[in-house]
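The values are calculated or read from the model by the stated rules, or taken from the named source; none is laboratory data. Just so it is clear, the model here is predicted, and its values are computed rather than measured. Don't worry about glycine lacking a Cβ; one is built from the backbone with ideal geometry, like all the others, and counts go over all protein chains shown. Note: areas computed on protein heavy atoms with side chains; ligands, DNA, RNA excluded. Shrake-Rupley method; radii C 1.70, N 1.55, O 1.52, S 1.80 Å.
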Amino acid sequence: MLVLITYDVATSSEKGTRRLRKVAKKCQDYGVRVQNSVFECIVDATELVRLKKELIELIDEEKDSLRIYRLGNNYKTKVEHIGAKEAIKVEEPLIF
């Protein structure tokens, strides 16, 4: 299934900056960055549970936020890209 993960990490302190890097790195382990704090991830139900748990352990729930959108398996009709950056097909290998 396609999952869209967005986050907002408070970076007013050095700890916040570290949390931001860790959250971004964890999201990169599962998917592709499509905007600064937005990742598209193709995961199964078990991987989603694991990813969510790992992200919750990284953030400070009093200062930071996560939003997880489950777009499902039929996501191709639900995602529209407009603008400068080329759309990435997250289900295909990344070759540069």
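Under a 5 Å amide H to amide H cut-off, with H placed in plane at 1.01 Å, what residues pair with residue 71 once short-range neighbours are removed?
For residue 71, whose amide H was placed from the backbone, the distant partners under 5 Å are 2, 3, 4.
For every other residue with a beta carbon closer than 14 angstrom to the beta carbon of residue 37, add +1 if it is Lys or Arg and -1 if Asp or Glu, then tell me the sum.
Values: positive: 19, 21, 22, 25, 26, 33, 67; negative: 8, 40, 64.
Result for the local shell: +4.
How high is the relative contact order of the chain, in percent, with contacts defined as C-alpha pairs under 8 Å that are six or more residues apart? Spell out each step's value before the answer.
Numbers: 115 pairs, mean separation 39.0, N = 96.
Reported relative contact order: 41 percent.
On the accessible surface of the chain, probed at 1.4 Å, how many percent belong to carbon and sulfur atoms?
Details: 3460 of 7030 Å².
Answer for the chain: carbon and sulfur cover 49 percent of the accessible area.
Determine the per residue accessible area of the chain with all protein chains present and a 1.4 angstrom probe, expressed in square angstrom.
Numbers: 7030 Å² over 96 residues.
That works out to 73 Å² for each residue.
Within the chain, how many Lys pairs sit with Cα atoms under 15 Å apart, leaving out pairs fewer than 8 places apart on the same chain?
Total qualifying Lys-Lys pairs in the chain comes to 9.
In µm²/s, what is D for the chain at 37 °C and 0.692 mPa s, where D = kT/(6 pi eta Rh) by Stokes-Einstein and Rh is the Kirkwood radius from Cα pairs? Before the final figure, lay out the partial values.
Details: Rh = 14.1 Å.
Roughly 232 µm²/s, to the nearest whole number.
When the helix-only estimate is applied to the chain (DSSP H runs of n ≥ 4, each -39,500 (n - 2.57), divided by the residue count), what is the mean residue ellipticity at 222 nm, nearest 500 deg cm²/dmol? Mind dumping the intermediate values first?
Numbers: 2 runs with 31 residues, N = 96.
Theoretical 222 nm ellipticity from helices: -10500 deg cm²/dmol.
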